[in-house]
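Heads up, the thing below is written out as structure tokens.
The values are calculated or read from the model by the stated rules, or taken from the named source; none is laboratory data. Quick caveat, the model's predicted, so the values are computed rather than measured. Please note: Cβ atoms are built from the backbone with ideal geometry, for glycine as well, and neighbour counts cover all protein chains shown. Calculation scope for accessible area: heavy atoms of the full protein, side chains included, ligands and nucleic acids excluded. Shrake-Rupley method; radii C 1.70, N 1.55, O 1.52, S 1.80 Å.
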Amino acid sequence: MIQKKYEIKDSAYLTAYLHESNDNRPAIVVIPGGAYMLVGTNEGEPVAEAFYANDFQAFVFSYSTITSDLMKKNPDWTYEEAIDEGEKLIYDCDRVSSNYPNSLIELAVALKMIVDHADELHVDVSKIATIGFSAGGHLAAVYGNWWNEEWLLKKAGLSKGIRPWFQVVCYGVTKLDEEYLMWLKKNQPGLVKMYKAFYNTIDPNKEIMDEWSPVNTVNENTPPTFIWHTTKDELVPIGQSLVYAKMLQDKNIPWEAHFYEQGSHALSLARECTGTRECHVQTWFMLLMEWVKYYRK
């Protein structure tokens, strides 16, 4: 395996996990979660390695957050120190780099970089997919709906949009709206900071929240989508994925979803290497690979 790091913009970067042979392969861009406060480690490298083992060129996308900004400014800090300081500072910041639309622009630039360097990365440009977890699922789904928006192309320096081959939304936040904000205030008040990290306020207006909730912007250009979630998710209610699946169905977007009775939030691969082992939930990755093999040719 060849591992390389590519700077994107601000404090965002891609970590590539590449095969040594020169054969062109499909690519996957892995977008970890972390409430737009940090980029979770258990949803990054282990997931990339799983796709690598299934003949993908894999890329972990680390988008800008208050944690990455602090790490860049204080290179002697540990990741944990930066997380702790970010938790303290987030409500006092006038603006942080995770505020919309920055992370979306960074993702568009990251995909452009892969396409521009496809020959040296040995990537099949017709088969570049995305997978996002939790807040990363929100980012993947927003991009999946808006990949060809004129304003985004201009900001990313693109002449045309890069449509994902398919996208995977894992226990994703598809409704970053008023309803979810009220739910968080009641059930998970510590996570309200996600609204500050993304909207730069814990009291955004309804129009902006609706616009940036992927359930509201699914359209005919949204790529085929694979979803999975657990009914016991304590941070992102499964109803978010249920409504999202309905919107895909209403717009005639090919989709498949798997909902598991057991399992907490942020399971990633649901293996020991990602923190918590849930044997049944582990099947999502095998089911995804089958879906890709038989339907995404």
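Being open to solvent by less than 60 Å² (accessible area, probe 1.4 Å) and within 22 Å of Ala35 (Cα to Cα) is the filter here, so list the residues in the stretch 246-280 that pass it.
Scanning the stretch 246-280 gives Gly263, Ser264, His265, Ala266, Leu267, Ser268, Leu269, Ala270, Thr274.
Which members of the stretch 121-141 meet the condition of being open to solvent by 10 Å² or more (accessible area, probe 1.4 Å) and part of a strand (DSSP E or B)?
Step one: list which residues in the stretch 121-141 are open to solvent by 10 Å² or more (accessible area, probe 1.4 Å), which gives 122, 124-127, 134.
Listed by number, the residues that qualify are Asp124, Val125, Ser126, Lys127.
In the stretch 180-194, what count of residues is obtained for those that are within 23 Å of the chain's Cα centre (by Cα) and charged (D, E, K, R)?
Total meeting the criteria: 1.
Could you grab the pairs with beta carbons closer than 6 Å, sequence gap of 6+ or different chains, first residue in the stretch 273-284 and without any contact (Cβ under 8 Å) to a residue 60 or more places away in the chain and closer than 14 Å to His258 by Cα, second one open to solvent by less than 40 Å² (accessible area, probe 1.4 Å) and not in a loop (DSSP other than H, G, I, E, B)?
Val281/Tyr260
I'd like to know if the stretch 221-230 contains one or more residues that are open to solvent by 60 Å² or more (accessible area, probe 1.4 Å), under 15 Å from Ser134 (Cα atoms), not small (Gly, Ala, Ser) and not in a loop (DSSP other than H, G, I, E, B).
First, pick out the residues of the stretch 221-230 that are open to solvent by 60 Å² or more (accessible area, probe 1.4 Å): none.
No.
Filter the stretch 61-97 for residues that are within 18 Å of Tyr195 (Cα to Cα), of a type in the set (Ser, Thr, Tyr) and open to solvent by less than 60 Å² (accessible area, probe 1.4 Å) and give the result.
Residues satisfying the conditions are Tyr63, Ser64, Thr65, Thr67, Ser68, Ser97.
For Ser159, which of the numbered conditions (1) among the polar types (S, T, N, Q); (2) buried (at least 21 other Cβ atoms within 10 Å of the Cβ); (3) farther than 22 Å from Leu18 by Cα fails to hold?
The number of the failed condition is (2).
Quick test for you: out of Asn42, Asn24, pick the one residue that is open to solvent by 20 Å² or more (accessible area, probe 1.4 Å) and either free of Cβ contacts under 8 Å to residues at least 40 places away in the same chain or touching a strand residue (DSSP E or B) at 6+ places or on another chain (Cβ under 8 Å) (or both). If you could, list the steps in order and put the result at the bottom.
Working: Asn42 fails: either free of Cβ contacts under 8 Å to residues at least 40 places away in the same chain or touching a strand residue (DSSP E or B) at 6+ places or on another chain (Cβ under 8 Å) (or both).
Testing whether each residue is open to solvent by 20 Å² or more (accessible area, probe 1.4 Å) and either free of Cβ contacts under 8 Å to residues at least 40 places away in the same chain or touching a strand residue (DSSP E or B) at 6+ places or on another chain (Cβ under 8 Å) (or both) leaves just Asn24.
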